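The values are calculated or read from the model by the stated rules, or taken from the named source; none is laboratory data. Predicted, not measured: the structure shown is a model, and the values here were computed from it. Glycine gets a Cβ as well: all are built from the backbone with ideal geometry, and neighbour counts include every protein chain shown. Side chains are part of the model used for accessible areas, which takes the heavy atoms of the whole protein and leaves out ligands, DNA and RNA. Shrake-Rupley method; radii C 1.70, N 1.55, O 1.52, S 1.80 Å.
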Number of protein chains: 2
Amino acid sequence: MGRTSDAKEKIVATAMELFHARSVADVGVQEICEQAGVKKGSFYHFFSSKQDLVVAVLDAQWQMGKQEFWEPAFSPKIPPLDRFKALTDGMSEFAQESYEMCGMFKGCGMGNIIAELGTQDDVIRQKADAIFDEIVAFIKAALDEAVSNGDLPEINTEEVAQAFWAYAEGTMLMAKSKQDPAYIRQLMQAGIAFLDSFRKGAVV
Amino acid sequence: MGRTSDAKEKIVATAMELFHARSVADVGVQEICEQAGVKKGSFYHFFSSKQDLVVAVLDAQWQMGKQEFWEPAFSPKIPPLDRFKALTDGMSEFAQESYEMCGMFKGCGMGNIIAELGTQDDVIRQKADAIFDEIVAFIKAALDEAVSNGDLPEINTEEVAQAFWAYAEGTMLMAKSKQDPAYIRQLMQAGIAFLDSFRKGAVV
């Protein structure tokens, strides 16, 4: 194969899968190229370093997640509070399918990379953090609409959106710790109850 | 030095610090021994493998955390809901101090290890997961007492305890992503508001 037109995409897709299944440090460029069926020389044609590849993986993962999940599920056409149910369902189904397919729950690909490399590589950390900001923006937009619809009272939507995403990341980490994808649905329902508590006017 | 009586403790303390600052994969046995001032031969006298060392690090970290934080802060002598304030303060101060000392926020040492190795090493995963269970038990005990005191209504204390700890882990991961230890206090206050919402009877 070598420098075929889709060699870069193959490298990114293979790296995404291997990093997620194990860790960034545990997977070498050699192994990625072998599994992608691409010559190692091609790798350095596309990427200046492994750091460069990790950034491309984060980017590809987020483009996929945005198109397949966030844009449709958090579309302005969906009633704002229904989007949170879609998030719980989406996270649970993703975890369940991935568990059935690989016999393990791998957690959040981006959360794993922050935990592994957040202190070691600032370029990678900033890339992942910028993606988290985009996710929080989807959540905040839903909360803002819920406030303006009267579905929620006036709340600090930025802070609640950050809290909600932190919680979602925590549930994925705990499900990875338990190796139990069902844990996500169970815990995310408590997150929905938290939003409900605003609706019922108990939290100020 | 070599097989001095405290060589094992030095290896564990050094590994704990280095794993937390970087990652398990990034730190080799050679570097740990050099920094601990212990001969590499001694290492294999105390530990059969790096896995064995990681388990010892998790154990030492938890013994320290339990004695220095969980047992005093979650003592039955402390009013149950005050323990959650102590947890927020403890997490914030730990993050702030560590940030000032090393110029970075390293996240939760145990959460990092689950994220990095949770799919790669089941012995390590089970060790960390058993520690999380002990933490959740401290939180559940506080919630149970709050229910029996009448401070909280009847709730599923096991599920709320799991949710609360997942949230705490999520806040530490997000603070690592932002490299902003102040993020923890801000987000943990939303966690306390969640408990308050039970108190005010809005969540069932």
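Can you tell me which residues in segment B:101-119 are modelled with pLDDT of 95 or more and part of a helix (DSSP H, G or I)?
Listed by number, the residues that qualify are B:109, B:110, B:111, B:112, B:113, B:114, B:115, B:116, B:117.
Residues of segment B:114-138 being charged (D, E, K, R) and in contact (Cβ under 8 Å) with a residue 40 or more places away in the chain, which ones? I'd like the intermediate steps shown before the answer.
First, pick out the residues of segment B:114-138 that are charged (D, E, K, R): B:116, B:121-122, B:125, B:127, B:129, B:133-134.
Listed by number, the residues that qualify are B:116, B:121, B:127, B:134.
Out of B:47, B:69, B:105, which single residue is in contact with a Ser or Thr (Cβ under 7 Å, 6 or more places away or on another chain) and aromatic (Phe, Trp, Tyr)? It would help to see each step written out before you state the result.
Working: B:47 fails: in contact with a Ser or Thr (Cβ under 7 Å, 6 or more places away or on another chain); B:69 fails: in contact with a Ser or Thr (Cβ under 7 Å, 6 or more places away or on another chain).
None of the others qualify; the one that does is B:105.
So which of A:15, A:25 is open to solvent by less than 30 Å² (accessible area, probe 1.4 Å) and either in the same structural domain as residue A:124 (by TED's automatic domain parsing) or not polar (S, T, N, Q) (or both)?
Values: A:25 fails: open to solvent by less than 30 Å² (accessible area, probe 1.4 Å).
Answer to the selection: A:15.
Answer yes or no: is there a residue in segment B:53-66 that is farther than 30 Å from residue A:19 by Cα and open to solvent by 50 Å² or more (accessible area, probe 1.4 Å). Write out each step before concluding.
Step one: of segment B:53-66, the residues farther than 30 Å from residue A:19 by Cα are B:63-66.
So of that shortlist, the ones also open to solvent by 50 Å² or more (accessible area, probe 1.4 Å) come out as B:63-64.
Scanning segment B:53-66 turns up at least one residue that is farther than 30 Å from residue A:19 by Cα and open to solvent by 50 Å² or more (accessible area, probe 1.4 Å).
Just give me the residues in segment B:8-66 being assigned to a helix (DSSP H, G or I), under 23 Å from residue A:117 (Cα atoms) and of a type in the set (Lys, Arg), in sequence order.
B:50
Take the conditions in contact with a helix residue (DSSP H, G or I) (Cβ under 8 Å, 6 or more places away or on another chain), at pLDDT below 95 and open to solvent by less than 20 Å² (accessible area, probe 1.4 Å) and apply them to residue A:2. Does it pass? Write out each step before concluding.
Working: in contact with a helix residue (DSSP H, G or I) (Cβ under 8 Å, 6 or more places away or on another chain): yes; at pLDDT below 95: yes; open to solvent by less than 20 Å² (accessible area, probe 1.4 Å): yes.
Criteria met by residue A:2.
Looking only at segment B:83-108, filter to residues that are among the basic types (Lys, Arg) and either more than 7 Å from chain A (Cβ to nearest Cβ) or open to solvent by less than 20 Å² (accessible area, probe 1.4 Å) (or both); which one of those is farthest from residue A:110 (Cα to Cα)?
First, the residues of segment B:83-108 that are among the basic types (Lys, Arg): B:83, B:85, B:106.
Filter once more, so that each one left must be either more than 7 Å from chain A (Cβ to nearest Cβ) or open to solvent by less than 20 Å² (accessible area, probe 1.4 Å) (or both): B:83, B:85.
Working: B:83: 32, B:85: 30 Å.
It comes out as B:83.
Kindly evaluate residue B:141 against the criterion of being in a helix (DSSP H, G or I), of a type in the set (A, V, I, L, M, F, W, C), touching a residue at least 40 places away in the same chain (Cβ under 8 Å) and more than 14 Å from every other protein chain (Cβ to nearest Cβ). Even if it seems obvious, please write down each step before you answer.
On the way: in a helix (DSSP H, G or I): yes; of a type in the set (A, V, I, L, M, F, W, C): yes; touching a residue at least 40 places away in the same chain (Cβ under 8 Å): yes; more than 14 Å from every other protein chain (Cβ to nearest Cβ): yes.
Considered against the rule, which asks whether it is in a helix (DSSP H, G or I), of a type in the set (A, V, I, L, M, F, W, C), touching a residue at least 40 places away in the same chain (Cβ under 8 Å) and more than 14 Å from every other protein chain (Cβ to nearest Cβ), residue B:141 comes out as yes.
Could you grab me the full set of residues in segment B:109-138 that are more than 10 Å from chain A (Cβ to nearest Cβ), over 11 Å from the mean Cα position of the chain (by Cα) and either open to solvent by less than 10 Å² (accessible area, probe 1.4 Å) or at positive phi (or both)?
Answer for segment B:109-138, where residues must be more than 10 Å from chain A (Cβ to nearest Cβ), over 11 Å from the mean Cα position of the chain (by Cα) and either open to solvent by less than 10 Å² (accessible area, probe 1.4 Å) or at positive phi (or both): just B:124.
Within segment A:178-189, restricting attention to residues that are out of contact with any Asp or Glu (no Cβ under 9 Å at 6 or more places or on another chain) and surrounded by fewer than 21 Cβ atoms within 10 Å (Cβ to Cβ), which residue is nearest to residue B:134 (Cα to Cα)?
A:180
Name the pairs whose Cβ atoms lie under 8 Å apart, with the first residue in segment B:48-60 and touching a residue at least 24 places away in the same chain (Cβ under 8 Å), the second outside any helix (DSSP H, G or I) and open to solvent by less than 60 Å² (accessible area, probe 1.4 Å), and 6 or more positions between them or separate chains?
B:50/B:24; B:51/B:121; B:53/B:47; B:54/B:24; B:54/B:121; B:56/B:47
Go through (1) open to solvent by 20 Å² or more (accessible area, probe 1.4 Å); (2) within 21 Å of residue A:185 (Cβ to Cβ) and name the single condition residue A:41 misses.
Residue A:41 satisfies all of (1) open to solvent by 20 Å² or more (accessible area, probe 1.4 Å); (2) within 21 Å of residue A:185 (Cβ to Cβ) except (2).
In segment B:146-177, which residue that is charged (D, E, K, R), surrounded by fewer than 19 Cβ atoms within 10 Å (Cβ to Cβ) and in a helix (DSSP H, G or I) is nearest to the other protein chains (Cβ to nearest Cβ)?
First, pick out the residues of segment B:146-177 that are charged (D, E, K, R): B:151, B:154, B:158-159, B:169, B:176.
Next, from what is left, pick out any that are surrounded by fewer than 19 Cβ atoms within 10 Å (Cβ to Cβ): B:151, B:154, B:158-159.
Next, from what is left, pick out any that are in a helix (DSSP H, G or I): B:158-159.
Values: B:158: 10, B:159: 6 Å.
Looking at residues that are charged (D, E, K, R), surrounded by fewer than 19 Cβ atoms within 10 Å (Cβ to Cβ) and in a helix (DSSP H, G or I), I get B:159.
For residue B:193, are the conditions met, namely being over 22 Å from residue A:185 (Cβ atoms) and either free of Cβ contacts under 8 Å to residues at least 60 places away in the same chain or assigned to a helix (DSSP H, G or I) (or both)?
Details: over 22 Å from residue A:185 (Cβ atoms): yes; either free of Cβ contacts under 8 Å to residues at least 60 places away in the same chain or assigned to a helix (DSSP H, G or I) (or both): yes.
Here the answer is yes, as residue B:193 does meet what is asked.
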